[in-house]
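The structure appears right after this line, and notes come after that.
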Amino acid sequence: MLKKSLKKFIAMSLVVGSMVTFAACGSQSTSTSGSGDKSQSASMERIKKNGKLVLGTSADYPPYEFHKSINGKDEIVGFDIEVAKEIAKDLGVKLEVKDMKFDGLLAALDQGNVDIVVAGMTPTPEREKNVDFSNVYYQAVQTIVVRASDKDKIKSTDDLKGKKIGVQKGAIQEQIAQKQVSGAQPVALGKISDLMLALKSNRVDAVIVELPVATSNVNANKDLVISDIKLQTEEAGSAAAFKKGSSDLVKEVNKTLDRLKAEKSVDKFVTDANNLVE
Ligand code: ARG
């Protein structure tokens, strides 16, 4: 009997305890937003308060973003990173880079684990329902990478019937494979490097990927080539993504993107990034 009531007491105090913590958090956040500028979005407020812009990216995508050992230290480099550095500079804050799988990026934005996503991400109407996008800062086309030994056998989407097509999980290439290569079997993997390995080891027969990424992978793998197949949905622009309701941040970031466009900096960043790819 006594035991039972003790248990009950402990359980009760745990509930009360967590309620108190909860309330404390709640009042803290209200007071911060109360003292801050009301017109500011939560994302902008957090960035300014922390003095840093937390970037979410998927560094499997050379020359957009990739790992490189510089002076013995593993660094994330690429033209998306240069764009993000400019954005942070204009916001007057530091840049922190978080590397994750491409299909986890939008959830990270939503949960507030990152403030911005720059990852060669294409602003699709479907994604626009859940996140805000900046203007497009780079435009690429879709290509299909195949084994060099298959280049003459795989020349049209018809030749891919019954074949396995590798695509990145959560990327627009998943839909492109489904819509445009009827009769093919899409295989979705988390990382581009895994897709290229799967292609080399015959686990898939083709990989759909954007041209700059195809070029850098083909240059690094002599047994892979870009096929002659032309896809219809060829264009894929890249834009920065933000948590929904960050229009003030989007506006600021677009100013930076406009500046980079006027200065023709993105093209330079792309050339520099291509030079860094091994
Ligand atoms: N542009 C494509 C998309 O938005 C692919 C981007 C993949 N990016 C990456 N860092 N792996 O779905």
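The values are calculated or read from the model by the stated rules, or taken from the named source; none is laboratory data. Remember, predicted model here, so these are calculated numbers, not experimental data. Please note: Cβ atoms are built from the backbone with ideal geometry, for glycine as well, and neighbour counts cover all protein chains shown. Note: accessible area is taken over every heavy atom of the protein model, side chains too, but ligands, DNA and RNA are not part of it. Shrake-Rupley method; radii C 1.70, N 1.55, O 1.52, S 1.80 Å.
With the requirement that a residue be within 17 Å of L260 (Cβ to Cβ) and buried (at least 20 other Cβ atoms within 10 Å of the Cβ), what does segment 87-103 give you? Within segment 87-103, I87, A88, L91 meet the criteria. The set of residues from segment 45-86 being closer than 18 Å to N113 by Cα, within 16 Å of the ligand (Cβ to nearest atom) and in a strand (DSSP E or B) comprises L55, G56, T57. Whether any residue in segment 122-133 is under 23 Å from L189 (Cα atoms), surrounded by fewer than 20 Cβ atoms within 10 Å (Cβ to Cβ), in contact with a Phe, Trp or Tyr (Cβ under 9 Å, 6 or more places away or on another chain) and of a type in the set (D, E, K, R) is what I want to check. Yes, segment 122-133 contains at least one residue that is under 23 Å from L189 (Cα atoms), surrounded by fewer than 20 Cβ atoms within 10 Å (Cβ to Cβ), in contact with a Phe, Trp or Tyr (Cβ under 9 Å, 6 or more places away or on another chain) and of a type in the set (D, E, K, R). Taking the criterion of being within 12 Å of the ligand (Cβ to nearest atom), over 21 Å from V266 (Cα atoms) and outside any helix (DSSP H, G or I), the residues of segment 102-142 that qualify are T124, V131.
Against the definition (outside any loop (DSSP other than H, G, I, E, B), open to solvent by 20 Å² or more (accessible area, probe 1.4 Å) and at pLDDT 95 or above), how does T256 come out, yes or no? When the stated conditions are applied, T256 does not pass them. Scanning segment 189-242 for residues that are away from the ligand (no atom under 16 Å from the Cβ), assigned to a strand (DSSP E or B) and either within 29 Å of D132 (Cβ to Cβ) or of a type in the set (V, I, T) (or both) yields a count of 2.
Out of curiosity, is V141 at pLDDT below 95, open to solvent by 30 Å² or more (accessible area, probe 1.4 Å) and of a type in the set (A, V, I, L, M)? Lay out the reasoning, then the answer.
Details: at pLDDT below 95: yes; open to solvent by 30 Å² or more (accessible area, probe 1.4 Å): yes; of a type in the set (A, V, I, L, M): yes.
Yes, satisfied.
Filtering segment 163-183 to residues that are surrounded by fewer than 21 Cβ atoms within 10 Å (Cβ to Cβ), touching a helix residue (DSSP H, G or I) at 6+ places or on another chain (Cβ under 7 Å), not in a helix (DSSP H, G or I) and not charged (D, E, K, R) leaves only G170. The residue of segment 184-201 that is surrounded by the fewest Cβ atoms within 10 Å (Cβ to Cβ), among those that are over 16 Å from P62 (Cβ atoms) and polar (S, T, N, Q), is S201.
Here is a list: A177, A188. Which entry is under 30 Å from A240 (Cβ atoms) and modelled with pLDDT under 95? Exactly one residue qualifies, and that residue is A177. Here D267 passes the criteria (1) away from the ligand (no atom under 16 Å from the Cβ); (2) over 18 Å from E65 (Cα atoms) except the one numbered (2). When G92 is tested against the conditions (1) at positive phi; (2) modelled with pLDDT under 95, the lone failure is (2).
K164 - would you say it is at pLDDT 95 or above, in contact with an Asp or Glu (Cβ under 7 Å, 6 or more places away or on another chain) and more than 14 Å from the ligand (Cβ to nearest atom)? Judged against the criteria, K164 is a match.
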